[in-house]
1. For segment 51-94, which residues satisfy the criterion of being touching a strand residue (DSSP E or B) at 6+ places or on another chain (Cβ under 9 Å), exposed (fewer than 14 other Cβ atoms within 10 Å of the Cβ) and in contact (Cβ under 8 Å) with a residue 24 or more places away in the chain?
2. Name every residue in segment 36-50 that is among the β-branched types (Val, Ile, Thr) and either assigned to a helix (DSSP H, G or I) or free of Cβ contacts under 8 Å to residues at least 40 places away in the same chain (or both), in order of residue number.
3. Which of the numbered conditions does Gly112 fail, given that it passes all the others? Conditions: (1) of a type outside the set (Phe, Trp, Tyr); (2) open to solvent by 10 Å² or more (accessible area, probe 1.4 Å); (3) closer than 19 Å to Phe125 by Cα; (4) part of a helix (DSSP H, G or I).
4. Could you please let me know if Ala131 is out of contact with any Asp or Glu (no Cβ under 6 Å at 6 or more places or on another chain), open to solvent by 30 Å² or more (accessible area, probe 1.4 Å) and outside any loop (DSSP other than H, G, I, E, B)?
5. Six or more apart or on different chains, Cβ under 8 Å: which pairs go from a residue in segment 149-164 that's within 24 Å of Gln62 (Cα to Cα) to one that's surrounded by 11 or more Cβ atoms within 10 Å (Cβ to Cβ)? Could you list them?
6. Given the condition touching a Gly at 6+ places or on another chain (Cβ under 7 Å) and closer than 30 Å to Val97 by Cα, answer yes or no: does some residue in segment 141-156 qualify?
7. Need the failing condition index for Ala117 against (1) in contact (Cβ under 8 Å) with a residue 40 or more places away in the chain; (2) in a helix (DSSP H, G or I), just the number.
8. Taking Asp80 as the residue in question, decide whether it is at pLDDT 85 or above, among the charged types (D, E, K, R) and either assigned to a loop (DSSP other than H, G, I, E, B) or in contact with a Cys (Cβ under 8 Å, 6 or more places away or on another chain) (or both).
Amino acid sequence: MASVAPSSRPSPGSPPALAVLVVDDDAANRLLAVRWLDRVGIAAVEAENGEDALRVLRDAPQTIGAVILDVVMPAMTGYDVLERIQEDAALRDIPVVILTAHVQQESDVLQGLRSGAVDHLAKPFRGPILAAKIQSLVERRSRQLLLEERLRAAEAQATTDFMTELGNRR
């Protein structure tokens with residue numbers, strides 16, 4: 001069985017470790033994904049439907065490194081969730097990997113990718129592949145958030161006089 005190296009721990013000045021949101025109406029699928037993520041040191045948050053997923057994302061978007069999103073769910077499909085994520089400026093940069101049943105058509109995969117998903121996995125998925133893809137996305141998102149924080153700090157420093165703490169004229 002292949003494995004993926006554990007993700008590195010954040011150093012001082014870096015953002016806290018990010019969690020992965022696993023969204024699937026099937027508890028067994030969620031458990032399987034969570035266990036594979038745990039093997040590589042990635043924390044997971046679970047949601048069993050689209051509404052719960054959107055609530056988690058909107059409550060703390062800066063703590064989510066990626067989303068694993070099942071396409072076929074009751075009430076709100078994965079495509080509906082993906083559409084709402086893309087409509088929200090605070091959420092659209094969070095990478096989403098869609099999960100589809102292997103019997104689904106190629107057009108379903110294309111629909112997800114065209115709707116904003118960054119990748120696709122077919123069920124049943126291979127754990128090491130899932131873990132490697134998600135680990136890469138979480139690390140990229142972590143670097144993105146760190147860069148954004150550094151940019152905000154640089155902008156604040158450039159627009160504020162360090163001695164008087166008054167705003168500089170532009």
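1. If the condition is that a residue be touching a strand residue (DSSP E or B) at 6+ places or on another chain (Cβ under 9 Å), exposed (fewer than 14 other Cβ atoms within 10 Å of the Cβ) and in contact (Cβ under 8 Å) with a residue 24 or more places away in the chain, then no residue fits.
2. Once the filter is applied, which keeps residues that are among the β-branched types (Val, Ile, Thr) and either assigned to a helix (DSSP H, G or I) or free of Cβ contacts under 8 Å to residues at least 40 places away in the same chain (or both), segment 36-50 yields only Val45.
3. If we test Gly112 against (1) of a type outside the set (Phe, Trp, Tyr); (2) open to solvent by 10 Å² or more (accessible area, probe 1.4 Å); (3) closer than 19 Å to Phe125 by Cα; (4) part of a helix (DSSP H, G or I), just (2) comes out false.
4. Details: out of contact with any Asp or Glu (no Cβ under 6 Å at 6 or more places or on another chain): yes; open to solvent by 30 Å² or more (accessible area, probe 1.4 Å): no; outside any loop (DSSP other than H, G, I, E, B): yes.
Judged against the criteria, Ala131 is not a match.
5. Glu149/Pro15
6. First, the residues of segment 141-156 that are touching a Gly at 6+ places or on another chain (Cβ under 7 Å): 141-142.
Next, from what is left, pick out any that are closer than 30 Å to Val97 by Cα: 141-142.
Within segment 141-156, one or more residues are touching a Gly at 6+ places or on another chain (Cβ under 7 Å) and closer than 30 Å to Val97 by Cα.
7. Against the list (1) in contact (Cβ under 8 Å) with a residue 40 or more places away in the chain; (2) in a helix (DSSP H, G or I), Ala117 comes up short only on (2).
8. For Asp80, the condition - at pLDDT 85 or above, among the charged types (D, E, K, R) and either assigned to a loop (DSSP other than H, G, I, E, B) or in contact with a Cys (Cβ under 8 Å, 6 or more places away or on another chain) (or both) - is not met.
The values are calculated or read from the model by the stated rules, or taken from the named source; none is laboratory data. Every value quoted in this text rests on a predicted model; they were computed, and no experiment measured them. All Cβ positions, even for glycine, are placed from backbone atoms using ideal geometry, and neighbour counts span all protein chains on display. Side chains included, ligands, DNA and RNA excluded: accessible areas come from the protein's heavy atoms. Shrake-Rupley method; radii C 1.70, N 1.55, O 1.52, S 1.80 Å.
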